[in-house]
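Written below as structure tokens is the structure these notes are about.
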Amino acid sequence: MAHVDLLIRNVSWQDRDCDLLVGDGKVVELADAGAVQASGARVVDGGGLMLLPSLIDAHVHLREPGQEYKEDIASGLSAAAGGGFGQVMAMANTSPVNDNASVTRLMLQKAAQAFPKGPWVRPVGALTMGLQGKELAPAGELARAGCVALSNDGVPVENTELFRRAVEYAADFGLKVVDHCEDPWLGRGGVMNEGEVSGRLGLKGVPTASEAMQVARDILLASYLNLPIHLAHISCRESVELIARAKERGIPVTAETCPHYLLWDETRVGNYDTSVRVNPPLRTRDDVLALRQAVRTGVIDILVTDHAPHAAHEKEVTFADAPNGISGLDTALSLTYELVRSGELDAADIARLWCWRTAEIFGLPANRMRPGDPADFVLFDPDLAWVATAEALLSKGKNTPCLDKEVPGRVMAHYLGGEAVFSR
């Protein structure tokens, strides 16, 4: 057997009691509990905790450079480590925008300084210069500097010809385009889902058609070009139905959604709670059920947090004036496990949705618990409840509906390359 320097005893892997053997930063073997001895190895008792691969979040906002008062790379990676995320794909809406190699290199340098052994920032470069939608950003330069995808983030590209060229240009360098699907006119000025609740609250709404129209556009382009497009934070039934039909026809689109779209609906806005103001907005209960089914069946490929930290004073305004976004890295795994507890998902789905499929889509390394895989893993206690106080949240962003609420399920330890980057 290969050299073993770390033995994690007594962990639960997909309903099986196991021991994890690690050597030189890689998985040596995932063996039945007690079946293998490893003399000389450091032994850690897993105490029956759930073993998961280190998670990958394909959609976060780390705010640095330019808005470090909301979050900086060090605090964002601290929240990632404590939340079980070993890799985070950081969006380009920094200031200055990540539309050139110098910003990409700065982000990677800051990450290496703060966490030299991980978690890792995987930068997402801007699709257009300054996210202005007028001129393509230098995809080749961004790819060489370390970007793993391109996106115009929350600013939809109105010019379909330019968007088409961007998809083609990105593909030349092996990069996928991540698109925020929102018609720039239909939902303009909207602050929540358009419907009965928005009418009752007197708030301008965003119709589901606003998202679905852009989803349809992207599907048509992906089909015509035979090039992949990744659809960001899907929120409604119409989009799900379009994606399902596209996949049946073999069109190369992939899609993501977030825990908040699977757990909460528009009625959460009822008391004008700015912590649930997000874009796209929380939709109806019917949309929630459609999304849950899509996640179960693989129509929606992956989960992301869309981690969007804000300073407290920015959210302490009227609902219509509040910025969009939920701070998600600290609580995402706990919230996802609520769906396992309720029978909506299986425990095995967590690895698929938060790690393996994400790695496939974006060409990232991942631990599938096979010999030779990176020893990147999480020990999770699904039954340990904790209160998500401002002090308990490691992100600077405390803007979550979970604030000061009891949340069941907590990361107890997080290892990258066989070394602990976080433990309680």
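The values are calculated or read from the model by the stated rules, or taken from the named source; none is laboratory data. No experiment lies behind these values; they were computed from the predicted model shown. Here the Cβ positions follow ideal geometry from the backbone for every residue, glycine too, while neighbour counts run over all protein chains shown. Protein only, heavy atoms only, side chains kept; ligands, DNA and RNA dropped before computing areas. Shrake-Rupley method; radii C 1.70, N 1.55, O 1.52, S 1.80 Å.
Summarising the label geometry, the points placed 7 Å from Cα in the beta-carbon direction at SER95 and LYS117 lie 3.6 nm from one another.
Under conditions of 37 °C and 0.692 mPa s, the range 268-424 yields 191 µm² s⁻¹ as its translational diffusion coefficient, taking Rh as the Kirkwood radius over Cα pairs in the Stokes-Einstein equation. Per residue, the convex hull spanned by the Cα atoms of the range 170-250 measures out at 89 cubic angstrom. Relative to its residue count, the range 67-186 spans a Cα convex hull of 110 Å³ per residue. When the pairs LYS110/LYS398; LYS176/LYS204; LYS70/LYS176; LYS247/LYS315 are compared against a 30 Å limit on Cα-Cα distance, LYS176/LYS204; LYS247/LYS315 fall above it. The phi-based Karplus calculation (6.51 cos²θ - 1.76 cosθ + 1.60; θ = phi - 60°) puts the 3J(HN,Hα) values of the range 79-95 at 5, 4, 4, x, x, x, 9, x, 9, 10, 8, 8, 5, 8, 7, 8, 9 Hz, whole numbers, x for Gly and Pro. Once the C-beta distance of SER423 and GLN14 is scaled by a Förster radius of 22 Å, the resulting FRET efficiency is 0.45 to the nearest 0.05.
Residue separation times 0.36 nm, minus the C-alpha to C-alpha distance between GLN132 and ARG144: what's the value? Result: 2.1 nm gained on full extension.
So the label point goes 7 Å from the Cα of ASP172 along Cα→C-beta, right? Which residues of the range 120-142 then have their backbone N under 17 Å from it? Taking a point 7 Å out along Cα→Cβ of ASP172, the residues of the range 120-142 whose backbone N falls under 17 Å are 126-129, 135-142. Rolling a 1.4 Å probe across the protein heavy atoms gives the chain an accessible surface of 38 Å² per residue. So if R0 is 51 Å, what FRET efficiency would TYR69 and GLN293 give, r being the distance between their Cβ atoms, rounded to the nearest 0.05? In this case the efficiency is close to 0.80. For LEU225 and ARG164, the difference between the fully extended length at 0.36 nm per residue and the C-alpha to C-alpha distance is 21.1 nm. With R₀ set to 45 Å, the beta-carbon distance separating SER102 from VAL43 gives a calculated FRET efficiency near 0.45.
For the chain, find the longest principal axis of its Cα atoms and tell me its angle to the long axis of helix 160-172, 0 to 90°, nearest 10. Computed tilt is about 30 degrees.
Element breakdown for the chain at a 1.4 angstrom probe: carbon and sulfur atoms account for 49% of the accessible area.
Solvent-accessible area of MET129, all protein chains in place: 60 Å² (probe radius 1.4 Å, heavy atoms, ligands and nucleic acids excluded). Dividing the alpha-carbon radius of gyration of the chain by the rule-of-thumb value 2.2 N^0.38 Å gives 0.95.
Against the empirical curve 2.2 N^0.38 Å, the C-alpha radius of gyration of the range 1-94 lands at a ratio of 1.42.
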